[in-house]
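Structure first, commentary second.
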Amino acid sequence: MTTPAQLRKTALSYPETAEAADAGTVSFTVQGKEFAALRPDRQVVLRMTGSDVDEMRAQHPTARRVARAGVRFPIEDLNGQQLNYWVRRAWLARAPKRLAAPVAAAGTAVAGEVGDLPKAIGSPATRALHAAGITTLAHTAEWTDAELLALHGVGPKAVRLLREARS
């Protein structure tokens, strides 16, 4: 079961995402375009491409099409990995190309193949760092541990390994 806190953390992990609340609905936007929202009835609304909407509806029977190229579903009906995937797809669909291109490229990043980041941090942390524009150990030193941990996919072990690799 996924929580509103996980939706918030995932949505805010993408560049230039803003959060707003209005009448009990929490919305997430990129460059003024809504890509995700949580309604008071715990329904998540994601704005995605038509093909993503169709794919999500095929995989998740409780997902319903909504106007303006979107889908809604009860937040409890997706696990964390599924929610992360679909929020990413929604963000990519609404973000301007200058922001979406590096995030899309980061989605295929492999541990040990991005700059001098150590392989031991794992692919999820590598993808998260790459998506944030961090591709070298020197660049990780410009971020606090708390800032790195706030990136979805970067955990305490990865932060510790990065710190050790910089020493």
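The values are calculated or read from the model by the stated rules, or taken from the named source; none is laboratory data. Keep in mind it's a predicted model, so treat the numbers as computed, not measured. Don't worry about glycine lacking a Cβ; one is built from the backbone with ideal geometry, like all the others, and counts go over all protein chains shown.
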Inset, instruction - Please verify whether the range 13-23 includes one or more residues that are closer than 15 Å to ASP77 by Cα and in contact with a Lys or Arg (Cβ under 9 Å, 6 or more places away or on another chain). - result: no
Inset, instruction - Six or more apart or on different chains, Cβ under 7 Å: which pairs go from a residue in the range 1-30 that's touching a residue at least 12 places away in the same chain (Cβ under 8 Å) to one that's of a type in the set (Lys, Arg)? Could you list them? - result: THR25/ARG39; VAL30/ARG94
Legend entry - Residue selected from the range 149-161 under the condition within 25 Å of ALA101 (Cβ to Cβ) and at pLDDT 90 or above, by the criterion surrounded by the most Cβ atoms within 10 Å (Cβ to Cβ): VAL154
